[in-house]
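Asker: So that we are looking at the same thing, I have put the structure below in structure tokens.
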Amino acid sequence: MSRRDKINYYLDIAETVLERGTCLRRNFGAVIVKNDQIISTGYAGAPRGRANCSDLGYCTREKFNTPKGQRYELCRSVHAEANAIIDASRNDMLGATIYLACHDAKTGELYGDVEPCLMCKRLIINAGIKTVIVRNTKDEYTTIMTSTWIENDESLVLQEGY
């Protein structure tokens, strides 16, 4: 009998967490791990006490035909990464790894070619998380060092375009 490797073990947990998501577009699951201990988990959903898109039956961003990656201020959800960070102590996150999995909300299929949005990247950097691991397939993943986000600051490139 062969055991599941640790990275895919945590990605499997992130996939289970995303099942709680309420987004009508894509559901993310996030698991923050440090020293082989789960620090927190998060999934995409409206702030506590507010109606979720799944309850309302519509997505505002879809209503306005908003392209992927744009106008997140229209989204009702708090992203999975943000929810996981909110539920953890910064001291526990320093040097940690966040594992992410995403499914298409309509088909339930694994959506492998993803990366955190610009806002979540900033939150991950500020939380002190060192590594981001994103599931691509059931057994394959991409590893991103947050230091590359600091070195290649896309917000400076965006500002030059104005």
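The values are calculated or read from the model by the stated rules, or taken from the named source; none is laboratory data. Remember, predicted model here, so these are calculated numbers, not experimental data. When the accessible area is computed, the model is the full protein with side chains, heavy atoms only, and any ligands, DNA or RNA have been set aside. Shrake-Rupley method; radii C 1.70, N 1.55, O 1.52, S 1.80 Å.
Asker: Kirkwood hydrodynamic radius of region 26-105 from all distinct Cα pairs, in Å?
Answerer: After inverting the pairwise mean of 1/r, the radius is 13.7 Å.
Asker: Counting only protein chains, not ligands or nucleic acids, how are Ser147, Ser40 ordered by accessible area (probe 1.4 Å), most first?
Answerer: Largest to smallest exposure gives the sequence Ser147, Ser40.
Asker: Express in Å², to the nearest 10, the accessible area of Lys63 obtained by rolling a 1.4 Å probe over the protein heavy atoms while all chains stay in place.
Answerer: Here the accessible area works out near 140 Å².
Asker: To continue, here is another question. What accessible area per residue comes out for region 1-109, rounded to a whole number of Å², with a 1.4 Å probe?
Answerer: I get 57 Å² per residue for region 1-109.
Asker: Next up: Let me have the relative contact order for region 1-77, percent, based on Cα pairs under 8 Å that are six or more residues apart.
Answerer: Relative contact order here is 24 percent.
Asker: With each run of n ≥ 4 DSSP H residues scored as -39500 (n - 2.57), what mean residue ellipticity at 222 nm is computed for the chain after dividing by its residue count and rounding to the nearest 500 deg cm²/dmol?
Answerer: Mean residue ellipticity at 222 nm (helix-derived): -8500 deg cm²/dmol.
Asker: Enter the accessible area of Glu73 (Å², nearest 10), with the probe set to 1.4 Å and all protein chains included.
Answerer: 130 Å²
Asker: Further, regarding this structure: Express the carbon and sulfur contribution to the solvent-accessible surface of the chain as a percent, rounded to the nearest whole number, probe 1.4 angstrom.
Answerer: Here carbon and sulfur together make up 49 percent of the probe-accessible area.
Asker: If you rank Met1, Met119, Met145 by how much accessible surface each has, with a 1.4 Å probe, what is the order from largest down?
Answerer: Highest to lowest solvent-accessible surface, that is Met1, Met119, Met145.
Asker: Using Cα springs under 10 Å in a Gaussian network model of the chain, which residue among Ala51, Ala105, Ala84 shows the largest mean-square fluctuation?
Answerer: Ala51
Asker: Right, next: Pairs Lys63/Lys121; Lys6/Lys121; Lys34/Lys106; Lys63/Lys130: which exceed 30 Å Cα-Cα?
Answerer: The answer is Lys34/Lys106; Lys63/Lys130.
Asker: Below 8 Å between Cα atoms, with a sequence gap of 6+, how large is the relative contact order for the chain in percent?
Answerer: 23 percent
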